[in-house]
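All remarks here apply to the structure that follows.
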Amino acid sequence: MSRSPRRFVPQVRAWIWPLTAALALGLTVSTPASSAPDDDALRQQLTNILADPRLDGAVADVIVADANTGERIFEHSPNTRLMPASNTKLPTSTAAVELLGADYRWSTDVLAAGDRNGTALRGDLYLRGTGDPTMLAADYDALAAQVAAAGITQVTGGVVADDTRFDSNRLGNSWAADDEYSYYSAQISALTLAPDTDYDSGTVIVEAFPGAKAGDKPVVKVTPPNSYVKIDVRGTTVAAGQRDTLGISREHGNNTVVIDGDIPVGASATKEWIAVWEPTGYAAAVFRDALEAHGVRVLGGTRLGVAAPADAEPVATHDSMTLGQLLIPFLKLSNNMHAEMLVKTIGYEKSGAGTWSAGLSRISAYLSSLGVNTAQLRQVDGSGLSRMNNISGEAFVKLLTKVRAEPWFQEWYDALPIACVPDRFTGGTLRSRMCGTKAAGNVRGKTGSLTGASSLSGYVTDADGRELVFTVQLNNYMASSVKDIEDKVGVALASYSAESAPATLTTGPSATRSTAPAADLECSWQKPRMC
């Protein structure tokens, strides 16, 4: 499309400030030779946004492309490998749906090894997991009910927890030690348990309430109730109006949860999701309690990590939701444990080894089939919790463009967070962002956050109805948050029209209001505040 001189002049003027600022801050912006000249105004606006002083000394990788043609509209350091944080879940989730199928389910089984003598099992009862991250206490209760319904009332042996579908490596490569008890860094096991329908596997919910009067110990509630986690109350109830300093943490190497500090009379409960030490034992303990509640007496102890014999008799089974259904809590809430379970499941199903290395190798092969140069990226976990992950914006844009042709694309696309849709299972980690703008209800993407690393990659439709793919990765910044810079990019893309471009240009880096939370963690990870 040709331009009249009248339209071109104000656009030339509009380039002056952004380019001057970009040069001053050391930004290098490339204009793809194949992109349409009508997008000059958009490129000017994006250059302006990236001139934000908070990015001084930081690294930014930003690409915008036409979703249908793959044509690059804007590029800034497109081949720079950065730490993507939870944008790592993009290759993990797409590879999982492709390799496992949207209808894939995990099973959790109970098997009897030994001889039956009336209602007595003379042997062991095996609880076998295959990697289901959605198992709840109610599901273990239902398994116990099936055991009782099968006529078993006594087990002379013990409960044996078979988590051998996956290896025994519980934590990912270079995960931070100070995150060890945080629920978003829970240990990975093929046999686990979630306390809620966010399916935060491998965790318990601990609530500490003030006592009736000053001097009383706080009252503690654990969900689900279990004997596996031990509570050590060291805190104190203090007079109303005093400072609330109560904290909840877990000791290293065991399941002693410490309640420490002060909580005023009448204060709201302090509530934390705490990762357990050794989730296999956690699942086995809850299952064993359920057996007792259903009248099944187990005489022996509990053993962990032993495979069920090939001739063990199936007694009870539970099938998970489908992988397609799991995509909603996984991607909307950026659930790290789901990502890691998927990596190990891919490894087991496709290579016969439930390990990170086997699963990641298959994910890499899938990315290669899409044309992504996997020799130029490093993925060491499924979730992005590791700071060793390095992926370029070019890889993300190629992935996001290519998967649109996959038969499962719509189901996966629907699971991405949506800007400013308040429902947690619809808006997800974008539910409080870009509100009151044309990006609201429009931008769909995967967020990512670690200290000094922030990302947003996904899809948006501009004001002319053109579908765009975009990625924003920001690393090595010192500000508490740069989420509003990502939001400005999303808003600029959603608002852009080639016909009215000169009128929509911003005049400085502070333009475009954002409602993004100021934090270095995913919005959904900040429980129980739920920003």
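Observations, loosely collected:
- Meets criteria (at pLDDT 95 or above, in the same structural domain as Asn87 (by TED's automatic domain parsing), at positive phi and not basic (Lys, Arg)) for Gly465: yes
Quick grid of which residues meet (1) crowded, with 17+ Cβ neighbours inside 10 Å; (2) free of Cβ contacts under 8 Å to residues at least 24 places away in the same chain; (3) among the basic types (Lys, Arg):
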{"site": "Pro314", "(1), (2), (3)": "no, no, no"}
{"site": "Leu333", "(1), (2), (3)": "yes, no, no"}
{"site": "Asn336", "(1), (2), (3)": "yes, no, no"}
{"site": "Leu377", "(1), (2), (3)": "yes, no, no"}
{"site": "Leu385", "(1), (2), (3)": "yes, no, no"}
{"site": "Glu394", "(1), (2), (3)": "yes, no, no"}
{"site": "Phe409", "(1), (2), (3)": "no, yes, no"}
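- Number of positions in the range 316-331 that are of a type outside the set (A, V, I, L, M, F, W, C) and buried (at least 24 other Cβ atoms within 10 Å of the Cβ): 1
- Residue selected from the range 503-512 under the condition surrounded by fewer than 17 Cβ atoms within 10 Å (Cβ to Cβ) and either of a type outside the set (A, V, I, L, M) or more than 24 Å from Arg54 (Cα to Cα) (or both), by the criterion modelled with the highest pLDDT: Thr504
- Summed over the range 233-251, the residues that are over 16 Å from Tyr181 (Cβ atoms) and not in a loop (DSSP other than H, G, I, E, B) give a count of 4.
- Selection within the range 177-205 - of a type in the set (A, V, I, L, M), touching a residue at least 60 places away in the same chain (Cβ under 8 Å) and outside any strand (DSSP E or B): Ala186, Ile188, Ala190, Leu191, Leu193
- Thr451 meets all of the listed conditions (1) of a type in the set (Ser, Thr, Tyr); (2) surrounded by fewer than 17 Cβ atoms within 10 Å (Cβ to Cβ); (3) more than 19 Å from Pro84 (Cα to Cα) but one, namely (3).
- Output for the range 59-111, where each listed residue is closer than 30 Å to Asp319 by Cβ, in contact with an Asp or Glu (Cβ under 8 Å, 6 or more places away or on another chain) and among the polar types (S, T, N, Q): Ser86, Thr88, Thr94, Ser107, Thr108
- Annotation: Asp139 fulfils all but one of (1) in contact with a helix residue (DSSP H, G or I) (Cβ under 7 Å, 6 or more places away or on another chain); (2) outside the structural domain of Gly352 (by TED's automatic domain parsing); (3) under 27 Å from Ala415 (Cα atoms); (4) in a helix (DSSP H, G or I); the unmet one is (1).
- Qualifying positions in the range 227-250 - surrounded by fewer than 20 Cβ atoms within 10 Å (Cβ to Cβ) and in contact (Cβ under 8 Å) with a residue 40 or more places away in the chain: Ser227, Ser249
The values are calculated or read from the model by the stated rules, or taken from the named source; none is laboratory data. Quick caveat: nothing in here was measured; it's all calculated off a predicted structure. So basically every Cβ, Gly included, is an ideal-geometry build from the backbone, and we count neighbours across all protein chains shown.
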